[in-house]
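Taking it in order: structure first as structure tokens, then the write-up.
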Amino acid sequence: MTLEDHLGDIIRKGRQASGAAVGAAAKAAGLSEFDFTTLEESARISTPIQFKALAQVVGLDAAKLEEVANGWLPAQPDLSQWRELRQITTTAGEMAVHCYLVWDEVTREAALFDTGWNADPIFDIIAANGLAPQHLFITHSHTDHIAALDAVRARFPKIHLHTGSRSAPPQHRNRPGDFVHLGSLRITHRDTPGHAEDGVTYIVGSWPDDAPHVAIVGDAIFAGSIGRGNQSWELARQKVREQILSLPEATLLCPGHGPLTTVGGEKAHNPFF
């Protein structure tokens with residue numbers, strides 16, 4: 001799987017977050033404005049980039065940015081550590097999005113994190129594994145993450161919804177200190193706004209055989225990048241740093257787009273941090 005954001009996407013997000021003009025960033029990179037714009041749009045590089053100078057202007061880490069340019073990808077995690085975790089990818093047009101299903105291996109109680117575009121693959125996994133869905137956790141309310149919400153709730157009308165949205169009924173809003181037991185699994189949450197006002201990261205712990213925590217992060221962070229700072233770039237980076245990268249380095253990060261990664265991998269390779 002390729003990164004959700006190519007080199008040009010990462011540079012553009014860094015430039016937007018720092019407020020740098022195209023001309024200033026192009027000059028620092030040693031490129032014409034035309035070549036720089038082409039780089040941002042397509043990641044095509046026609047001449048060498050001055051990464052150190054560019055990174056200073058757009059607020060990114062130069063060495064990590066150059067790693068991405070040279071083809072860095074996160075190490076593929078050994079998912080056998082989390083036998084009761086599934087990533088489900090659905091597509092509308094050219095836009096793919098992930099949602100995640102976890103369950104307790106004994107009770108078969110299950111929790112769904114976001115819904116993606118289409119609920120059918122979710123229903124297939126639930127049926128194939130004899131699961132009893134109990135909870136639906138929403139990382140944020142952008143359409144691609146909740147498009148199948150009505151279908152899921154229609155199939156499982158007793159499923160309990162959890163969200164950071166202030167407009168949700170009180171019984172469905174996440175509250176500080178809330179946690180959910182799913183059999184032996186324990187699910188907590190941390191608010192991670194910035195990309196979306198209602199952004200939430202859910203942390204699943206107490207896995208069998210002491211497997212590392214799993215964090216379902218929505219669009220707060222991607223492998224090698226972050227989600228757009230629709231609400232605030234500064235807040236988005238701050239919350240990722242404080243609420244996600246503060247988790248143990250072995251924590252598996254499950255983003256809404258792109259490949260799986262880990263806290264340690266992002267601390268070592270993500271140009272935004």
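Could you grab me the full set of residues in region 175-190 that are within 20 Å of Arg241 (Cα to Cα) and surrounded by 15 or more Cβ atoms within 10 Å (Cβ to Cβ)?
Result: Thr188, His189, Arg190.
Can you tell which of Gly194, Gly218 is of a type outside the set (Ser, Thr, Tyr), buried (at least 21 other Cβ atoms within 10 Å of the Cβ), in contact with a Gly (Cβ under 8 Å, 6 or more places away or on another chain) and closer than 17 Å to Gly116 by Cα?
Gly218
Counting only residues that are within 13 Å of Cys99 (Cα to Cα) and among the β-branched types (Val, Ile, Thr), which one in region 132-162 is surrounded by the fewest Cβ atoms within 10 Å (Cβ to Cβ)?
Thr143
Could you list, in sequence order, all residues of region 84-101 that are among the charged types (D, E, K, R), at pLDDT 95 or above and over 16 Å from the mean Cα position of the chain (by Cα)? Let's see the steps before the verdict.
Step one: filter region 84-101 for residues among the charged types (D, E, K, R), giving 84, 86, 94.
Cutting the leftovers down to at pLDDT 95 or above gives us 84, 86.
The answer is Glu84, and nothing else.
Starting from residues that are of a type in the set (Asp, Glu) and surrounded by fewer than 19 Cβ atoms within 10 Å (Cβ to Cβ), keep the ones in region 197-215 and report whichever is nearest to Cys99 (Cα to Cα).
Of region 197-215, the ones of a type in the set (Asp, Glu) are 197-198, 209-210.
In the following step, the residues that additionally are surrounded by fewer than 19 Cβ atoms within 10 Å (Cβ to Cβ) were identified as 197, 209-210.
Values: Glu197: 19, Asp209: 24, Asp210: 23 Å.
Out of the qualifying residues, it is Glu197.
Test Thr192 against the stated conditions and say whether it is in contact with a strand residue (DSSP E or B) (Cβ under 9 Å, 6 or more places away or on another chain), assigned by TED's automatic domain parsing to the domain that holds Asn230 and in contact (Cβ under 8 Å) with a residue 24 or more places away in the chain. Explain how you work it out, then say what you get.
Numbers: in contact with a strand residue (DSSP E or B) (Cβ under 9 Å, 6 or more places away or on another chain): yes; assigned by TED's automatic domain parsing to the domain that holds Asn230: yes; in contact (Cβ under 8 Å) with a residue 24 or more places away in the chain: yes.
When the stated conditions are applied, Thr192 passes them.
Answer yes or no: is there a residue in region 46-55 that is buried (at least 17 other Cβ atoms within 10 Å of the Cβ), at pLDDT 95 or above and more than 27 Å from the chain's Cα centre (by Cα).
Yes, region 46-55 contains at least one residue that is buried (at least 17 other Cβ atoms within 10 Å of the Cβ), at pLDDT 95 or above and more than 27 Å from the chain's Cα centre (by Cα).
If I filter region 111-120 for residues that are acidic (Asp, Glu) and within 18 Å of the chain's Cα centre (by Cα), do I get at least one hit?
Checked region 111-120: at least one residue is acidic (Asp, Glu) and within 18 Å of the chain's Cα centre (by Cα).
The values are calculated or read from the model by the stated rules, or taken from the named source; none is laboratory data. Given the structure is predicted, the values throughout are model-derived calculations rather than measurements. Cβ sites come from the backbone with ideal geometry, for glycine too, and all protein chains shown count toward neighbours.
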